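J.: Take this structure, written in structure tokens, and hold onto it; I'll ask about it next.
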Amino acid sequence: MSYSPESDIIKPYKGDPWLGNLSTPINDSPLAKAFINNLPAYRKGLTPFMRGLEIGMAHGYLLVGPEVVVGPLRESSHGANLSGLITAIYIAVSACLGISIFAITTFQGNPRGAYNSYSHDQLRPLRSREEWSQLNGGIFLGAMGGAIFAYFLLENFDALDAILRGAVNVN
């Protein structure tokens, strides 16, 4: 039985073992590539602000839930909802602060490597401090809107449930 590297399921990414990545059926399949390329961080045609807005809306909306379900105020309905909103806002502000620090420190002078403006790395579509600032603004605005929307839905769940069940204005 002879060994051939072409028959390996797991190979170095793009045939280069120095990239530090492996090509597997999971991460290098056409389905996985299509899914990743459709995420807002990599979708073509979006401005950095719109990327951030979409990312922020999804995360702001989803960050409210864990605090409502397993937080310390879970026994009181209004306290849990408000606690979820405050926690989601706190996490979003902390993340935006981290993105700001990253953008400020990475783009001092002329950055080298994958983040410079001449890089051809498709996994790093943002290559300047201004683009990172626009992304950060979109994430902040989207996360605040998503968290407030989730809070609104939780606070008005009974009324929304009645509307969806058709029980409103029934004689």
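J.: In the chain, once you exclude exposed trypsin sites (Lys or Arg not before Pro) (DSSP loop, at most 11 other Cβ within 10 angstrom), what's the longest stretch remaining?
T.: The longest such stretch corresponds to 45-111.
J.: Can you compute the equivalent ellipsoid semi-axes for the stretch 46-165, i.e. the square root of 5 times each eigenvalue of the Cα gyration tensor, sorted largest first and rounded to whole Å?
T.: So the three semi-axes of the stretch 46-165 are 36, 15, 9 Å.
J.: Arranged from highest to lowest average of other beta-carbon atoms within 10 Å per residue, in what order do the peptides 89-95, 99-105, 133-139, 26-32 appear?
T.: Output ranking for 89-95, 99-105, 133-139, 26-32: 133-139, 89-95, 99-105, 26-32.
J.: Please identify every one of the chymotrypsin sites (Phe, Trp or Tyr not before Pro) in the stretch 1-87 that sits in a loop by DSSP and has no more than 10 other beta carbons within 10 Å of its own beta carbon.
T.: Tyr3
J.: From the phi angles alone, apply the Karplus equation (6.51, -1.76, 1.60; θ = phi - 60°) to the stretch 8-25 and give each ³J(HN,Hα) in whole Hz, x where the residue is Gly or Pro.
T.: 5, 7, 10, 10, x, 5, 6, x, 10, x, 7, 6, x, 9, 10, 9, 10, x
J.: Next up: On a straight-distance basis, which lysines could pair with Lys44 in a cross-link, Cα separation under 18 angstrom, same-chain partners fewer than 8 positions away excluded?
T.: Lys33
J.: I've got another one for you. Considering only C-alpha atoms, what is the centroid distance from the stretch 1-62 to the stretch 132-150, in Å?
T.: 24
All of the numbers you see were taken from the coordinates with simple rules; none came from a lab. Here the structure is a predicted model, which means the values were calculated and not measured. Backbone-built Cβ (ideal geometry, glycine too); neighbour counts: all protein chains shown.
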